[in-house]
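Written out below as structure tokens is the structure these notes cover.
The values are calculated or read from the model by the stated rules, or taken from the named source; none is laboratory data. For clarity, every value in this text was computed on a predicted model and none was experimentally measured. Quick reminder, even Gly has a Cβ in these numbers, built from the backbone with ideal geometry, and neighbours come from all protein chains shown. The protein model used for the area step is the full one, side chains on, heavy atoms only, and it has no ligands, DNA or RNA in it. Shrake-Rupley method; radii C 1.70, N 1.55, O 1.52, S 1.80 Å.
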Amino acid sequence: MTNTGLAPRLSIVTLGVANVPKARAFYEALGWQASSASQEAITFFQLSGVVLALFDRNALADDANVAPAGDGFRAVTLAHNVTSEAEVDAALAHAVNCGARLVKEATKVFWGGYSGYFADLDGHLWEVAYNPFLPLDDAGRPVLPGSQP
């Protein structure tokens, strides 16, 4: 029997960017290594369990058959979880040193953790968070209670 549902999996996150080489340089400055599968028009980064792709914003909109306009809040944030408040502060400082814009300084948050936000060169929001209720496995991936890998 064939499963016609959608498996609970995220394979690739593609960010539409204004300039692929500049965006690639920013993420490489963070310490991430671009894959050899990258090309002039697209860059791939292997993250823990998911691939991050950087692709021209207009070309991405065209591919999805939607308008490329829209520079405000996109109702999406990307999260990078760490194991301590000190790691949150260090990660945010590193991102800013690499050219990111600090959007929200790290602070204790209502849900009991500690987090802050930065925006990459194209305004994509990244939250850096320490969540004492969400353990990370040895590979740094979050492990939800009662979930199976």
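How would the range 1-85 be classified by its alpha-carbon gyration tensor: rounded, prolate or oblate, with rounded meaning a/c under 1.5 and the a/b versus b/c comparison settling the rest?
Because its axes are fairly even, with a/c under 1.5, the range 1-85 counts as rounded.
Treat every Asp and Glu Cβ in the range 6-144 as -1 and every Lys and Arg Cβ as +1, leave all other atoms uncharged, and give the resulting dipole magnitude about the Cα centre to the nearest 20 debye.
The calculated dipole for the range 6-144 is roughly 160 debye.
Using amide H atoms built 1.01 Å from N in the peptide plane, name the residues 5+ places from Tyr114, or on other chains, whose amide H lies under 5 Å from its own.
Under 5 Å from the amide H of Tyr114 lie the amide H atoms of Val109, Tyr130, each far enough along the sequence or on another chain.
What do you get for chymotrypsin sites (Phe, Trp or Tyr not before Pro) in the range 1-102 restricted to DSSP loop and a cutoff of at most 15 other Cβ within 10 Å of the site's Cβ?
Qualifying residues, ordered by number: Trp32, Phe73.
Which is the longest part of the chain that has none of the trypsin sites (Lys or Arg not before Pro) sitting in a DSSP loop with at most 12 other Cβ atoms within 10 Å?
Numbers: sites that count: Arg9, Arg74.
Looking at the chain, 75-149 is the longest stretch - no exposed trypsin sites (Lys or Arg not before Pro) with at most 12 other Cβ atoms within 10 Å.
On the protein heavy atoms, probe 1.4 angstrom, tell me the percent of accessible surface of the range 52-106 carried by carbon and sulfur.
Numbers: 1830 of 3470 Å².
Of all accessible area on the range 52-106, carbon and sulfur atoms account for 53 percent.
Ignoring ligands, DNA and RNA, what accessible area per residue does the chain give at 1.4 Å, in Å²?
Result: 65 Å² of accessible area for each residue.
Leaving out ligands, DNA and RNA but keeping every protein chain, what accessible area does Asp89 have, in Å² rounded to the nearest 10, with a 1.4 Å probe?
Accessible area of Asp89: about 70 Å².
In the set [x] 11.3; [y] 27.6; [z] 11.9, which value of mean projected area of the Cα convex hull in nm² was calculated from the structure you see?
The listed entry that was calculated here is [x].
So what is the calculated 222 nm ellipticity per residue for the chain, using -39500 (n - 2.57) for each DSSP H run with n of 4 or more, over all residues, to the nearest 500 deg cm²/dmol?
-6000 deg cm²/dmol
If you line up the Cα atoms of the range 89-149 on their principal axes, what length do they span on each, largest first, in Å?
38, 24, 18
Only Cα pairs under 8 Å and at least 6 apart count here; give the relative contact order of the chain as a rounded whole percent.
20 percent
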